[in-house]
1. Which of the residues belonging to the range 166-190 are open to solvent by 60 Å² or more (accessible area, probe 1.4 Å) and not in a loop (DSSP other than H, G, I, E, B)?
2. Restricting attention to the range 191-201, and to residues there that are free of Cβ contacts under 8 Å to residues at least 40 places away in the same chain and farther than 15 Å from Lys324 by Cβ, which single residue is surrounded by the fewest Cβ atoms within 10 Å (Cβ to Cβ)?
3. Taking the options Lys114, Lys67, name whichever one is more than 20 Å from Thr15 (Cα to Cα) and among the basic types (Lys, Arg).
4. Is it the case, given these coordinates, that Ile28 is in a strand (DSSP E or B), within 11 Å of the ligand (Cβ to nearest atom) and either open to solvent by 10 Å² or more (accessible area, probe 1.4 Å) or among the hydrophobic types (A, V, I, L, M, F, W, C) (or both)?
5. In this structure, is Val361 β-branched (Val, Ile, Thr), within 23 Å of the chain's Cα centre (by Cα), within 16 Å of the ligand (Cβ to nearest atom) and open to solvent by less than 40 Å² (accessible area, probe 1.4 Å)?
6. Inside the range 85-99, can you point out the residues that are under 19 Å from Ser35 (Cα atoms), in a loop (DSSP other than H, G, I, E, B) and touching a strand residue (DSSP E or B) at 6+ places or on another chain (Cβ under 8 Å)?
7. Looking at the range 130-138, is at least one residue near the ligand (Cβ under 9 Å from one of its atoms) and not hydrophobic (A, V, I, L, M, F, W, C)?
8. Given the structure, is Leu201 assigned to a strand (DSSP E or B) and at pLDDT 95 or above?
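The values are calculated or read from the model by the stated rules, or taken from the named source; none is laboratory data. On a predicted model such as this, the values are computed, not experimentally measured, just so you know. Here the Cβ is made from the backbone with ideal geometry for all residues, glycine too, and neighbour counts use every protein chain on show. The area values use the complete protein model at the heavy-atom level, side chains included, leaving out ligands, DNA and RNA. Shrake-Rupley method; radii C 1.70, N 1.55, O 1.52, S 1.80 Å.
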Amino acid sequence: MEHVVIIGNGIAGVTAARHIRKKSDKRITIISSESKYFFSRTALMYVYMGHMRFEDIQPYENHFWKKNRIDLIEDYVDEVDFQSKTLKLLQTPPIHYDQLILATGSKSNKFGWKGQDYHGVQGLYSKKDLDLMEQNTRGIKEAVLIGGGLIGVEMAEMLLSRDINVTFLIREKTFWGNALPETDSNFVTQHLKRHHGLTLLFEEELDEIIPDDSKRVKEIKTKKGKIIPCQFVGLAAGVSPNVDFLKESELEIDKGILVNPDLSTNQKDVYAIGDCAQFKTPINDRAPLEQVWYTGRMMGETVAQTIVGNQMNYKPSHWFNSAKFFDLEYQTYGRVWSELKENESSFVWKHDKDEVSLNFVFDKNSKEFKGVNTFGLRLRHELFEKWLTEKASIQEVLQNLKTANFDPEFFKSFEKDVVDAFNHQFGESVKLAPKKWWRKLMLDKV
Ligand SMILES: Cc1cc2nc3c(=O)[nH]c(=O)nc-3n(C[C@H](O)[C@H](O)[C@H](O)COP(=O)(O)OP(=O)(O)OC[C@H]3O[C@@H](n4cnc5c(N)ncnc54)[C@H](O)[C@@H]3O)c2cc1C
């Protein structure tokens, strides 16, 4: 019987295993050195904050794997011999594969900062990191976070939930300024500033982490010479593909493992999926590396098809993502770059009191809708997917805003304001669609 081996039991690896099992009788083995059972990495923060226990973030019962004939090995793969199709592990005898799926995820970036390995200094990626953070933050009062991104915000929320004061060192002028347009990033900054105990220092970088006699962090120094006392330093300056153990092999690697459209690599019968995969040629306007949950799941589903004999290319649709900045919800559909492209215009509408902001991007000339960032309210994914695919105009999108809105009661009073503001700013005469139109649109498609 053919043996499919998967390195990595994150969302990408387990999705591949589940879908291969649905469609075939192949022998399947998943190897991970992090934990025996799959858990939801995105929910780690809730364990620290006491909202859930670790077992609550494991989506499958432990007996699921045996029942589905998926073997689990908790061990580290030290080396892959692609010629003999053999894996060398630290504690388990070598394993032969017929097909290999690399789903090894990411690791927290460490940029060689002075003092980055002292006690009390860490990133947040793995279960081990969570346990370490539990130990490292017990009884402390002050923390510093390096890097203003989504994992940093989660760490800040976690620390504040335990009354630990947090200072954020952010290299950019505004929060998450390399990903968000300035106006959105200022909006997020204002929201973050409302949280007692959180200090944001912009255009500041870490120079050095300074320890006490026991090699535990006691303060940090910034590049501008500021000294900040702290007992914990969170490294939240992004992640990169976890591929170091493969670097000396014949596998083609750039930042991640280079893959073709069907997720195959340059080695026979070897595929890469999830955070560790990098497309040789980016698909449409998607980035070559996309380190988010749902893309890992989609790649897992796709590679499973190929493994069971229905060769399939990965075809992601339009970019979307969502996150939370404490209690501020963020969604993005389509492409809203941090800087507008030459042919693009944007229309921003804000309601400061209710903390709602919408940033629509469209083509200056054709008026084609390109993307939207929303804060403080939720819009319907299916509808934006449809509009982006059909290359709808910005006027059509605004006209049907009622249909797009997920929280109709809340949004009711804003729709007219949004459309009026757009008409005023761009000399347009968009009218909100009458109720029966948007009902019909919902029935038609969504
Ligand atoms: C704190 C946090 C919050 C996040 N929040 C969000 C969010 O809200 N939304 C979102 O879309 N994304 C979020 N992400 C990103 C998301 O979790 C990842 O994109 C996703 O989990 C990656 O899945 P994966 O299956 O590719 O890899 P991983 O989940 O990283 O799994 C890879 C596994 O392979 C194991 N492994 C690697 N090498 C070896 C080896 N040599 N031998 C044995 N085992 C090995 C690793 O230990 C790991 O267990 C978050 C990430 C973090 C860290």
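1. Passing the criteria: Glu182, Asn186, Gln190.
2. This residue is His196.
3. Details: Lys67 fails: more than 20 Å from Thr15 (Cα to Cα).
Of Lys114, Lys67, the one residue that is more than 20 Å from Thr15 (Cα to Cα) and among the basic types (Lys, Arg) is Lys114.
4. Considered against the rule, which asks whether it is in a strand (DSSP E or B), within 11 Å of the ligand (Cβ to nearest atom) and either open to solvent by 10 Å² or more (accessible area, probe 1.4 Å) or among the hydrophobic types (A, V, I, L, M, F, W, C) (or both), Ile28 comes out as no.
5. No.
6. Scanning the range 85-99 gives Leu90, Thr92.
7. At the first step, the residues of the range 130-138 found to be near the ligand (Cβ under 9 Å from one of its atoms) are 130.
The next check asks that each one be not hydrophobic (A, V, I, L, M, F, W, C); those that pass are none.
No, the range 130-138 contains no residue that is near the ligand (Cβ under 9 Å from one of its atoms) and not hydrophobic (A, V, I, L, M, F, W, C).
8. Working: assigned to a strand (DSSP E or B): yes; at pLDDT 95 or above: yes.
Judged against the criteria, Leu201 is a match.
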